[in-house]
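Enquirer: The following block contains the structure, expressed as structure tokens.
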Amino acid sequence: MPPLVKSMGWALHHDSESRVALVDLASARNAALMADENIRIIHGMHNKHA
């Protein structure tokens, strides 16, 4: 299964209580999170091929 964050158009949101939410990039929730200056954005993992 391909990674949801990297290739399927989803984001993961982690809150201060260690809960995780899967967020559609086209959703109003994602727009609200992206507009929040207190949210730290960390990009999905990169593959490192030797």
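Enquirer: Could you give the length gained on full extension between residue 27 and residue 41, defined as 0.36 nm per residue of separation minus the Cα-Cα distance, in nm?
Expert: Additional length available on full extension: 3.4 nm.
Enquirer: If packing is taken as the average count of other Cβ atoms within 10 Å, what order do 17-25, 35-43 fall into, highest mean first? Let's see the in-between values first.
Expert: On the way: 17-25: 9.9, 35-43: 7.3.
Top to bottom by mean Cβ count within 10 Å: 17-25, 35-43.
Every number here is computed from the coordinates shown, using simple stated rules; none is lab data. What you see is a predicted model; the values in this text were computed from it and never measured. When we count neighbours, we look across all protein chains shown, and the Cβ atoms used for this are built from the backbone with ideal geometry, even at glycine.
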